[in-house]
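S.K.: Here you go, one structure.
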Amino acid sequence: MALGKRRDAPIITPLIKIDARNGKVSRRDREQDNDGNWTSKNVDIAAEDFAAIFDLENVQIGWMAFANGRPNFHLVKVGADIGDPPSDGHKEGFKVRLKLSNGAGNDVRELASTSKILWQSLSDLHDEYLDGCVKHRGKLPVVGIAEMARVQTPSGTYFRPIFEITGWTKRPDDLTP
């Protein structure tokens, strides 16, 4: 066949959102109605109920743009040079995969953000991970939110999740890099 074999469509990982503007945590679920139409529904998760296994071994950083509801990511593994932004609309951001637990769901999700507040929270969590991964070789951290700290900036009031590692576990089979 001259066209060659067609690639399968990419698998889209469902999202988890942490909104620094109001401190809300939610997961975005996709649902299909009887007519085959897809819709998105946000399901709130109380910060104190949040628990997830974070794949901090494979965090990505780089450039992100969200135009017309569609993400455009240019990411590299932590430690690599992110280069210049592809456009004026791209901002620095991060992406991490995680597996929800503790009644918040039990599936793999993706947390991606350009928020400076969330960047700092994830950076602090990553430092804690690096400190503990030598002792817990081959395991991933189980992470909760100790508190949603109120942060006052010149541009307004924001809420910063203070992540805490509550345990360590082997990588779940479905939490692939």
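The values are calculated or read from the model by the stated rules, or taken from the named source; none is laboratory data. These numbers were taken from a predicted model, which means no experiment stands behind them. Note: ideal-geometry Cβ built from the backbone for every residue, glycine included; neighbour counts use all protein chains shown.
S.K.: Count, please, the residues in the range 36-48 that happen to be assigned to a loop (DSSP other than H, G, I, E, B) and charged (D, E, K, R).
M.R.: Residues that pass the stated criteria total 0.
S.K.: For residue 138, only one of the following conditions fails: (1) touching a residue at least 24 places away in the same chain (Cβ under 8 Å); (2) within 29 Å of residue 30 (Cα to Cα). What is its number?
M.R.: Here residue 138 clears every test but (2).
S.K.: I'm told residue 106 meets every condition in (1) buried (at least 18 other Cβ atoms within 10 Å of the Cβ); (2) not in a helix (DSSP H, G or I) except one. Can you identify the failing condition by its number?
M.R.: Against the list (1) buried (at least 18 other Cβ atoms within 10 Å of the Cβ); (2) not in a helix (DSSP H, G or I), residue 106 comes up short only on (1).
S.K.: Tell me which residues, restricted to the range 66-87, are in contact with a strand residue (DSSP E or B) (Cβ under 7 Å, 6 or more places away or on another chain), of a type outside the set (A, V, I, L, M, F, W, C) and closer than 24 Å to residue 130 by Cβ.
M.R.: Within the range 66-87, just 77 meets the criteria.
S.K.: Something else about it: Within the range 80-103, can you find the residues that are under 15 Å from residue 119 (Cα atoms) and out of contact with any Asp or Glu (no Cβ under 9 Å at 6 or more places or on another chain)?
M.R.: Result: 91, 92, 93, 94.
S.K.: From the list 16, 11, which one is of a type outside the set (Ser, Thr, Tyr), at pLDDT below 95 and not in a strand (DSSP E or B)? Show your work before the answer.
M.R.: On the way: 16 fails: not in a strand (DSSP E or B).
Criteria check complete, one pass: 11.
S.K.: So residue 160 fits all but one of (1) part of a loop (DSSP other than H, G, I, E, B); (2) among the charged types (D, E, K, R); (3) touching a strand residue (DSSP E or B) at 6+ places or on another chain (Cβ under 7 Å); what number is the exception?
M.R.: (1)
Results for (1) out of contact with any helix residue (DSSP H, G or I) (no Cβ under 8 Å at 6 or more places or on another chain); (2) at pLDDT 95 or above; (3) in a loop (DSSP other than H, G, I, E, B); (4) surrounded by 19 or more Cβ atoms within 10 Å (Cβ to Cβ), shown as yes or no for each residue.
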site: 96; (1), (2), (3), (4): no, yes, no, yes
site: 118; (1), (2), (3), (4): yes, yes, no, yes
site: 122; (1), (2), (3), (4): yes, yes, no, yes
site: 127; (1), (2), (3), (4): yes, yes, no, no
site: 140; (1), (2), (3), (4): no, yes, no, yes
site: 149; (1), (2), (3), (4): yes, yes, no, no
